[in-house]
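Working notes, beginning with the structure itself.
The values are calculated or read from the model by the stated rules, or taken from the named source; none is laboratory data. The structure presented is a predicted model; accordingly, all values stated were derived computationally and were not measured. Using ideal geometry, Cβ is built from the backbone for each residue, glycine included, and neighbour counts are taken over all protein chains shown.
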Amino acid sequence: MEKYSACDTCGHFNAQGLQKLGVKVEEVDYVIALAGNPNTGKSTVFNSLTGLRQHTGNWPGKTVIRAEGAYAYNDKKYKLIDLPGTYSLLSTSDDEEVARNFILFGKPDVTVVVVDASRLERNLNLVLQILEITDKAVLCLNLMDEAERNNISIDQRTLSRDLGIPVVATSARYNRGIPELIQTIEGVANGSIKCKAHHVINIPKNIKKATNNLVVELEKQFPKLPNKSWIALRLLQGDERIIKALESGELIVE
Amino acid sequence: MSYNPIIMLILFFVFLAIFLILFRPVKGYYWILKNSLKQNKKIVIEDILKQLYHCEISDKEVGIEFLSGVLKSKDTNILEAVKEMEAKDLISTQGNSIKLNTSGREYALKIIRVHRLWEKYLAEKTGYDKKEWHDRAELMEHKLDEKATNILASELGNPMFDPHGDPIPTQTGEIVELGGVTLSSLKRYDIGKIIHIEDEPDVIYRQILAENIHIGSYIRVIENNSKRVVFYAEGEEFILAPIVAANVTVLTIDNEEEIDKDLVRLSSLKENETGEIISISKESRGEARRRLLDLGFVKGSKVSLDLTGPMNNPRGYHIKGTTIALRNEQAIHILIKKSSQNGKV
Amino acid sequence: MSKKVENIVEFANELRWQIGDELHDHLTESIYADAAKIASASVSTENSKKSFRLDAKIDKIVTSKIWGFPIMFLVLALVLWITIIGANYPSSMLATLLLDNVHPILKSFAASIGMPWWLDGFLIDGVYLALAWVIAVMLPPMAIFFPLFTMLEDFGYLPRVAFNMDYLFKKTGAHGKQALTMSMGFGCNAAGVVATRIIDSPRERLIAIITNNFSLCNGRWPTQILIATIFIGAVVPSSLSGFASVSAVISIAILGIGFMFLSSWLLTKTVLKGEVSTFNLELPPYRPPRIWKTIYTSLIDRTLIVLWRAMVFAVPAGAIIWLISNIYIGDESIAAWIINSLDGFGLILGLNGVILLAYIVAIPANEIVIPTILMLTVMVTGISGGEGAGVMFELDSVNETATILRAGGWTLLTAVNVMLFSLLHNPCSTTIYTIYKETKSVKWTVIASLLPLIMGFVVTFLVAQIWRVF
Ligand SMILES: Nc1nc2c(ncn2[C@@H]2O[C@H](COP(=O)(O)OP(=O)(O)O)[C@@H](O)[C@H]2O)c(=O)[nH]1
Ligand SMILES: [Mg+2]
């Protein structure tokens, strides 16, 4: 367990600089979204960062409303949003819409994707979808204690290289790895850690062609639009919310 | 006090009986009365147009008696409607036979478009039972105007086929030719793919549904005589009466290679067996289908049966490192190939 | 819509036509293919089978054909038993503190500052007493039930319950996850209604909301136990009386489950028609629950919130009870007048006017039903005892309570029907308010409130008539 709790004592983490702010969320410097599959420990991470007591429980689907909280680290204030757990961002159910809309329209400065280390492959489905939307993400490899008990070991460096985002191993329930997570979030938020997110490669040709055509069209009509290929994909699926957003211009970043 | 428990009980049951007779679902007199008041001329005209269109496709002659028969309406009502339709240049009559004009055909296609789109909508976005789709669409086809229909179509992604496999006419009235032959006309050892299941008449449709026959399934006929049609699909054997089989349309396939003989349904997986997912049947639609995919039931995933549960339904399947419970009604839509060696991988 | 957006949407529709309807399939497949590649590059497992085995073993037992259901009922019974037994002591302590000690102090304080009798009665006998009752009766069982329930949740047992029960719920047109909201309802119906958010399909969620009231909640257990002890326990030899009364209470709870299935089915066949949606539930690994954290969060999350709401609603109830017993029209108090006019209807149902009035004023909180009944019975029968008009009380001795109730004309039939009516009547106002907040629909709130009440009338009516025939 030493290898990911070591940073408790290492020089970089400034323990005095951390302040759990609970629900005091005014005037924040950065907005951080917590996303992930159901039951991977998002609310537990949320609680240990904010000092709040958001309900946790061991079964998929119990976080049904999104919770907000805050903490301060090194004089910067961070607002944290605990999104409902989802398996994907491609479907149309309510909780997925909340998560998807927040990541897309809430424009969080960092999206922390909490995954279950013992079920990495299944969790990567959502991670890869999120990386299609945003570059500024951190992978929180949670439930490391369970993975170790199951004799699963993960090469974090390879994973981080493949995904193009920083990876932090944690055991949120025992507060292990949380200091590192805080530091990494800080780094991504202020730009000192650069991400170059992986994009799904083997999308079938016909879909690729269709999205490319649509991206060209979007380029012409809305040159300032970010994430054009993701938006093209959503348009292909007929996402009403995206059409509305195009109309209102809320996606455009200046 | 003139109070007597027996009289009270009798009174209670009398009231209950009256209430049930009036208000019981569907067959209560209140509902019957309410429905019959809703019949109006526009609906009669549109229903006639639809009938004419279907008969034109299958080269049937149509007269007044035929129409009053299928539409369960009085001859005089039909006659009145036909007169009005002639005046509006929707149809023309020659002797006893009624034919569609171009504008009538366009109108009919619009109605059919709404009907099939609405069925698609019900299948994709709501939880209504398959058996109810048709009746609900029958009501809706007279209500939705063109603008609303086009919005609905684009929300559904301008689908090409309705959930029964029928082509949906486009906004401009184009419609895909379906092709295929009826299942009852296939010979022994013929192979093919089910492309359409007719949802009328209701009694036959219900029998097909009860058998769990799926659009998109590959089939192989092993017996066809005047008594029954027997065929294999997805590892199961199906037996249909010829008149029922006549309502299933199949696209025949010449090449043996194209059909996968080892394909079975996930529901047939037993404990200690492992399988690999090949595809999800077209019968699993909309949100339910997307959910299955999101949970990892994608082509190539290894799956095994973890838990059968106290009732044998739902069952827990081990897939991509976790156990996911599915009802058997969902598992029959997932097609797998069993691994040759038994035991978990 | 602006021309620009319209063009894009038009173009997207056209492209979609070319791709066909398998966009989602292909997309998900390719994402999973990437995921598998990335995972295999960084994950290494050494004989992982071994450690997953314990989970698999527990699962095999708790979902087995033989043990699945017995274990479930045993766990539920155990939780309820611990709740009921465990709540006894703190409940009576709180009652002693709030009713026997604080109440007299408040009274004498009010007298010392010369508060007029009506203000003193209204505030201290009405509002304060209702609050005190609600706290004393409601807080201890909830403070025990919710942590226990949360512990089961933390362990990972709840999804298995949904898994086991899904088949039965599907048969009635509902969703397996309703098993969870139902169990939650045994603690508090309002909490159960909130918990229905876990059900995706709106139709099935409404069914779960409307039928949650059939779970006998903590506020109603004490009534059931008291009445069963007095009347059911008395008809059998005294060596069996404890067993008989406990069985009677459990039968009522099971009857409630029966009514829950029945009304789910009725709703599916009538106003909430539709096919059952799908059931995809991930069964998570078992995890040892964290006891202290659980107790702490469930106290904050569930118990206090529910208690707070109940207290807010109890205040007006206490005020009304005091007012109707102390305001006179002619030479009868409003309460007596209402009781007289409800008596006829009450008798047909095998109840009486006092009971019906108590249930009307106790809509805010079922906890005050028994104290209200006792107070009203003493008032209308004019027997000695009690604390005066509008002052709710309960007696330490079961025997004294029995004497008062018998003097009020209670028979075994009355007792049975009170137990049935306590199961089958409108939800308390906290729950009604919660239903409205969750459904945002007056129509469904009204249906959810009236359906159990009508069932209660029908059932007590039938029982009364059949009882009298024989
Ligand atoms: N062993 C272990 N359990 C954890 C860890 N993090 C969370 N949990 C447990 O996992 C369950 C789900 O956590 P929760 O925060 O509710 O997950 P969410 O659905 O993603 O919000 C709870 O029972 C937590 O106590 C961890 O690092 N190790
Ligand atoms: Mg959560």
Would you confirm, using the coordinates I've provided, whether A:Ala172 is surrounded by fewer than 20 Cβ atoms within 10 Å (Cβ to Cβ), more than 9 Å from every other protein chain (Cβ to nearest Cβ) and under 15 Å from A:Leu139 (Cβ atoms)?
no
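So how many residues does the stretch C:136-178 have that are within 12 Å of another protein chain (Cβ to nearest Cβ) and among the aliphatic types (A, V, I, L, M)?
At the first step, the residues of the stretch C:136-178 found to be within 12 Å of another protein chain (Cβ to nearest Cβ) are C:146, C:149-171, C:173-177.
Still in the list and also among the aliphatic types (A, V, I, L, M): C:151-152, C:158, C:161-162, C:165, C:168, C:174.
Result for the stretch C:136-178: 8.
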Taking the stretch A:168-189 and keeping residues of a type outside the set (A, V, I, L, M), on the phi < 0 side of the Ramachandran plot and touching a residue at least 24 places away in the same chain (Cβ under 8 Å) leaves A:Thr170, A:Ser171, A:Arg173, A:Tyr174, A:Arg176, A:Pro179, A:Glu180, A:Gln183, A:Thr184, A:Glu186
Considering every residue within the stretch A:128-138, establish whether at least one is within 17 Å of the chain's Cα centre (by Cα), more than 18 Å from A:Ile231 (Cα to Cα) and modelled with pLDDT of 95 or more.
yes
Near pairs, Cβ below 9 angstrom, 6+ apart or cross-chain, from the stretch A:80-103 (touching a residue at least 60 places away in the same chain (Cβ under 8 Å) and more than 24 Å from A:Ile185 (Cα to Cα)) to any residue that is of a type in the set (Ser, Thr, Tyr) and away from ligand 2 (no atom under 12 Å from the Cβ):
A:Leu90/C:Thr28; A:Glu97/A:Ser91
Quick one: is C:Asp100 among the charged types (D, E, K, R), part of a helix (DSSP H, G or I) and within 12 Å of chain B (Cβ to nearest Cβ)?
no
Under 9 Å by Cβ, and 6 or more places apart or on different chains, what pairs join a residue from the stretch A:49-74 that is on the phi > 0 side of the Ramachandran plot and away from ligand 1 (no atom under 12 Å from the Cβ) with one that is of a type in the set (A, V, I, L, M, F, W, C) and modelled with pLDDT of 70 or more?
A:Gly51/A:Leu21; A:Asn74/A:Leu18
Of the numbered conditions (1) closer than 30 Å to A:Gln237 by Cα; (2) more than 7 Å from every other protein chain (Cβ to nearest Cβ); (3) touching a Phe, Trp or Tyr at 6+ places or on another chain (Cβ under 8 Å); (4) without any contact (Cβ under 8 Å) to a residue 60 or more places away in the chain, B:Phe297 fails exactly one; give the number of that condition.
(3)
Quick count over the stretch A:171-186, residues being of a type outside the set (Asp, Glu) and out of contact with any helix residue (DSSP H, G or I) (no Cβ under 8 Å at 6 or more places or on another chain), is 2
Would you confirm whether any residue within the stretch A:230-243 is among the basic types (Lys, Arg), touching a helix residue (DSSP H, G or I) at 6+ places or on another chain (Cβ under 9 Å) and over 23 Å from A:Leu126 (Cα atoms)?
no
So which pairs qualify, if the first residue must be in the stretch B:212-238 and over 23 Å from B:Gln330 (Cα atoms), the second must be basic (Lys, Arg), the Cβ gap must be under 8 Å, and the two must be at least 6 apart or on different chains?
B:Val221/B:Lys187; B:Val221/B:Arg188; B:Ile222/B:Arg188; B:Glu223/B:Arg188; B:Asn224/B:Lys187; B:Asn224/B:Arg188
Of the numbered conditions (1) away from ligand 1 (no atom under 11 Å from the Cβ); (2) crowded, with 23+ Cβ neighbours inside 10 Å; (3) of a type in the set (A, V, I, L, M), A:Leu83 satisfies every one except a single condition; which is it?
(1)
Residue pairs within 7 Å by beta carbon, gap of at least six or interchain, first lying in the stretch C:281-304 and within 14 Å of chain B (Cβ to nearest Cβ), second of a type in the set (A, V, I, L, M, F, W, C) and within 16 Å of ligand 2 (Cβ to nearest atom), listed first then second, are C:Pro284/A:Trp59
By residue number, the members of the stretch A:87-102 that are within 14 Å of ligand 1 (Cβ to nearest atom) and crowded, with 23+ Cβ neighbours inside 10 Å are A:Tyr87, A:Ala99
What's the total number of residues in the stretch A:19-51 that are more than 12 Å from ligand 2 (Cβ to nearest atom), within 30 Å of C:Pro159 (Cα to Cα) and in a loop (DSSP other than H, G, I, E, B)?
1
Check the stretch C:424-440 and report whether any residue there is within 19 Å of C:Ile339 (Cα to Cα) and modelled with pLDDT of 90 or more.
yes
So A:Glu146 ticks every box in (1) touching a Pro at 6+ places or on another chain (Cβ under 8 Å); (2) more than 17 Å from C:Pro284 (Cα to Cα) but one. Which box is left unticked?
(2)
Would you check if there is a residue in the stretch A:6-18 being crowded, with 16+ Cβ neighbours inside 10 Å, at pLDDT below 75 and either more than 16 Å from ligand 2 (Cβ to nearest atom) or farther than 21 Å from A:Ile103 by Cα (or both)?
yes
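Check the stretch A:190-205 and report whether any residue there is on the phi < 0 side of the Ramachandran plot, within 16 Å of ligand 2 (Cβ to nearest atom) and at pLDDT 90 or above.
There is no residue in the stretch A:190-205 that is on the phi < 0 side of the Ramachandran plot, within 16 Å of ligand 2 (Cβ to nearest atom) and at pLDDT 90 or above.
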Answer yes if at least one residue in the stretch C:207-226 is more than 12 Å from C:Met182 (Cβ to Cβ), surrounded by fewer than 17 Cβ atoms within 10 Å (Cβ to Cβ) and more than 16 Å from the chain's Cα centre (by Cα), and no otherwise.
no
Given the conditions (1) more than 12 Å from the chain's Cα centre (by Cα); (2) hydrophobic (A, V, I, L, M, F, W, C); (3) within 9 Å of chain C (Cβ to nearest Cβ), which single one is not true for A:Phe105?
(3)
